[in-house]
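Below is one structure, written out as C-alpha cells; comments come after it.
The values are calculated or read from the model by the stated rules, or taken from the named source; none is laboratory data. Note that the structure is predicted; figures quoted are calculated from it, not measured. Backbone-built Cβ (ideal geometry, glycine too); neighbour counts: all protein chains shown.
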Amino acid sequence: MKNLIRACLVSALVFGGATAMAEEKAPPAKKPAPAKKVALVDINSATQKQLEAIPGIGKEHCHHIMMGRPYETTEELVTREILPKETYEKVKNRLVAKVEKPKAEK
C-alpha cells in the first residue's frame with residue numbers, strides 16, 4: 001500500500017512539475033502593433049510634393065487636384081471627377097479638406 005501511495009505521489013510530482021515547467025516556458029502573447037498614424041494631407045493647401053507622396057496620386061491627379069481648388073469636402077474629388085472612385089476609396093483616409101472661414105469684421 002505504501003508503494004502505491006509513493007507511486008501516486010511521484011507521478012503527481014512528475015506530471016505536475018512538467019506541466020508547471022511547460023507553463024513557465026511558454027512565451028507571453030505579443031500584443032498587436034498599434035496602427036501607425038498617418039498625417040492627413042489638406043487638399044486645399046498641400047504642395048505638389050505632399051500630394052504625390054500619397055500612394056495612388058500621381059502627377060496628373062496631383063495637377064487636377066491643385067487646379068480644382070478650393071474643395072468643401074474630400075468627396076468632391078469624385079463628384080467633380082478629379083479622381084476615380086476606386087482611387088479615392090484607397091486614399092480618402094489620408095485626405096482632409098480644410099476650409100478657411102472668412103474672418104468677421106469688427
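Assorted remarks:
- Candidates in the stretch 54-99 are the residues that are among the small types (Gly, Ala, Ser) and at pLDDT 95 or above; of these, the one that is surrounded by the fewest Cβ atoms within 10 Å (Cβ to Cβ) is GLY68.
- Residue count for the stretch 58-106, restricted to those that are under 22 Å from the mean Cα position of the chain (by Cα), in a helix (DSSP H, G or I) and of a type in the set (A, V, I, L, M): 1
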